[in-house]
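J.: This is the structure I have questions about; it appears just below.
The values are calculated or read from the model by the stated rules, or taken from the named source; none is laboratory data. Source: prediction; values computed, not measured. Cβ: placed from backbone, ideal geometry, glycine included. Neighbour counts: every protein chain shown.
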Amino acid sequence: MENLELIEKIGYCVARGKVNTASPFPKDLIGEEGTDELTKKALDASCEPELILKACNDGMQIIGEKFGRGEAFVPELLMSAKAMNAVMAHLKPFFKAGTVKTKGKFVLGTVAGDLHDIGKNLVSMVVEGNGWEVIDLGVDVNTAKFIANIKENPGCTVGLSALLTTTMANMFKTVEEIKAQFPETKVIVGGAPLSMDAAKKMGADGYAPNPQGAVEFLNSTAISI
C-alpha cells in the first residue's frame, strides 16, 4: 500500500470508527485493519505525522458533520473518537518532541453543583480527536479551579458544561469571573438548559449544541502552540 493510500485509509477508518482488526465495528469492515495498525504502518513507512493528523482531522470532521445533521448518532461518534485516540497514541511522541503541534489548549469542565459528564466526555474526545490538547477538569468544578487552570495554560480556550437548570447561576458566575480576570480568554458553553441567547447573556463567546459545534468554534480561534 502506497503512503498516500495508507494516510487516506487512516482518515477513512476514523470517519467509520474502525479501531483495529479485532474491532467488530463497523460490520462491513470486520477483520480489516483499523487506525491502530495502519498508523503504525504509516509511521514505519516514514509518512509525515502531520499528514496523518490532517487525514484524521478530516475524518473527524466528516463524522462530526454527519452527527450534526442527524445522519450519525452517539455510538458512531464514540467509535470514531476511539479510532482517533488509537492514532493519537502513536503520534504522542511526536507531540512531545514538537514535531507535530496541537491547535491549542482547551480547558473543559462541568460547573460546580453538576455531576453529569456524558456530554462533556463526548466533547472532550471529539475535540481531542480534532487536534486539540484537552485539559479535562472533570465535574463539579468551581470557579477557582477554572481560574487556576487558565493561569497555568495561557492562551487556552475554556469550555463550561451543565445539564441541570439549577446550576446555571454557577455557570453565569464562572463566566463572569473568567471574563473579569481574563477578558481575552474565549469561553464556550454547552448543555441541555442552554441556548445561544443564554450564552450571550452570560457573556460567553460561543454556544455549542453538540460536539461538532464545539470543534467549529475552537477551530475558528485556533492558534498552534
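J.: Quick check on the stretch 28-37: of everything there that is in contact with a helix residue (DSSP H, G or I) (Cβ under 6 Å, 6 or more places away or on another chain) and over 20 Å from residue 103 (Cβ atoms), which residue is surrounded by the most Cβ atoms within 10 Å (Cβ to Cβ)? Break it down stepwise before answering.
T.: Taking the stretch 28-37 as the starting set, the residues that turn out to be in contact with a helix residue (DSSP H, G or I) (Cβ under 6 Å, 6 or more places away or on another chain) are 34-36.
In the following step, the residues that additionally are over 20 Å from residue 103 (Cβ atoms) were identified as 34, 36.
On the way: 34: 25, 36: 23.
Restricting to residues being in contact with a helix residue (DSSP H, G or I) (Cβ under 6 Å, 6 or more places away or on another chain) and over 20 Å from residue 103 (Cβ atoms), the top hit is 34.
J.: Out of the residues in the stretch 123-169 that are among the small types (Gly, Ala, Ser), buried (at least 21 other Cβ atoms within 10 Å of the Cβ) and within 27 Å of residue 58 (Cα to Cα), state the one that is farthest from the chain's Cα centre (by Cα). Give the derivation first.
T.: Applying the first criterion (among the small types (Gly, Ala, Ser)) to the stretch 123-169 yields 124, 129, 131, 138, 144, 148, 155, 159, 161-162, 169.
Next, only the ones that are buried (at least 21 other Cβ atoms within 10 Å of the Cβ) stay: 124, 129, 131, 159, 161-162.
So of that shortlist, the ones also within 27 Å of residue 58 (Cα to Cα) come out as 124, 129, 131, 159, 161.
Numbers: 124: 4, 129: 5, 131: 7, 159: 11, 161: 14 Å.
That would be 161.
J.: Further question: Do we find a residue being assigned to a helix (DSSP H, G or I), crowded, with 17+ Cβ neighbours inside 10 Å and of a type outside the set (A, V, I, L, M) anywhere in the stretch 70-79?
T.: yes
J.: Test residue 167 against the stated conditions and say whether it is in contact with a helix residue (DSSP H, G or I) (Cβ under 7 Å, 6 or more places away or on another chain), farther than 20 Å from residue 104 by Cα and assigned to a helix (DSSP H, G or I). Before you say what the answer is, go through the steps one by one.
T.: On the way: in contact with a helix residue (DSSP H, G or I) (Cβ under 7 Å, 6 or more places away or on another chain): no; farther than 20 Å from residue 104 by Cα: yes; assigned to a helix (DSSP H, G or I): yes.
Spelling it out, it is not the case that residue 167 is in contact with a helix residue (DSSP H, G or I) (Cβ under 7 Å, 6 or more places away or on another chain), farther than 20 Å from residue 104 by Cα and assigned to a helix (DSSP H, G or I).
J.: Checking residue 117 against (1) farther than 24 Å from residue 154 by Cβ; (2) not assigned by TED's automatic domain parsing to the domain that holds residue 187, which single condition isn't satisfied?
T.: (2)
J.: Quick check on the stretch 91-105. Is at least one of its residues within 17 Å of residue 186 (Cβ to Cβ), crowded, with 17+ Cβ neighbours inside 10 Å and of a type in the set (Phe, Trp, Tyr)?
T.: There is no residue in the stretch 91-105 that is within 17 Å of residue 186 (Cβ to Cβ), crowded, with 17+ Cβ neighbours inside 10 Å and of a type in the set (Phe, Trp, Tyr).
Listed here are the residues, each with its yes/no results for (1) out of contact with any strand residue (DSSP E or B) (no Cβ under 8 Å at 6 or more places or on another chain); (2) of a type outside the set (Lys, Arg); (3) assigned to a loop (DSSP other than H, G, I, E, B).
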site: 12; (1), (2), (3): yes, yes, no
site: 25; (1), (2), (3): yes, yes, yes
site: 53; (1), (2), (3): yes, yes, no
site: 64; (1), (2), (3): yes, yes, no
site: 91; (1), (2), (3): yes, yes, no
site: 109; (1), (2), (3): no, yes, no
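J.: Taking the stretch 184-225, which residues are assigned to a helix (DSSP H, G or I), more than 12 Å from residue 161 (Cα to Cα) and among the hydrophobic types (A, V, I, L, M, F, W, C)?
T.: We begin by selecting, within the stretch 184-225, every residue assigned to a helix (DSSP H, G or I); these are 196-202, 211-220.
Imposing the further condition that a residue be more than 12 Å from residue 161 (Cα to Cα) reduces the set to 196-198, 200-202, 212-213, 215-220.
Across the stretch 184-225, the qualifying residues are 196, 198, 202, 215, 217, 218.
J.: Among the listed residues 123, 134, identify the single one that is of a type in the set (A, V, I, L, M, F, W, C), within 22 Å of residue 81 (Cβ to Cβ), free of Cβ contacts under 8 Å to residues at least 40 places away in the same chain and not in a loop (DSSP other than H, G, I, E, B).
T.: 134
J.: State whether the residues of the stretch 166-189 include one that is touching a residue at least 24 places away in the same chain (Cβ under 8 Å), touching a strand residue (DSSP E or B) at 6+ places or on another chain (Cβ under 9 Å) and within 30 Å of residue 55 (Cβ to Cβ).
T.: yes
J.: If I filter the stretch 146-160 for residues that are touching an Asp or Glu at 6+ places or on another chain (Cβ under 6 Å) and β-branched (Val, Ile, Thr), do I get at least one hit?
T.: no
J.: Report, ordered by the first and then the second residue, all pairs with beta carbons closer than 6 Å, sequence separation of six or more or different chains, a first member in the stretch 192-206 that is under 17 Å from residue 108 (Cβ atoms) and of a type outside the set (Val, Ile, Thr), and a second member that is in a loop (DSSP other than H, G, I, E, B) and at pLDDT 95 or above.
T.: Short answer, once both residue conditions are applied: 205/186.
J.: Filter the stretch 1-27 down to residues that are of a type in the set (D, E, K, R), farther than 11 Å from residue 52 by Cα and surrounded by 14 or more Cβ atoms within 10 Å (Cβ to Cβ), then give me how many there are.
T.: 2
J.: Return the residues of the stretch 38-69 that are surrounded by 15 or more Cβ atoms within 10 Å (Cβ to Cβ) and hydroxyl-bearing (Ser, Thr, Tyr); say none if nothing qualifies.
T.: Result: 39, single match.
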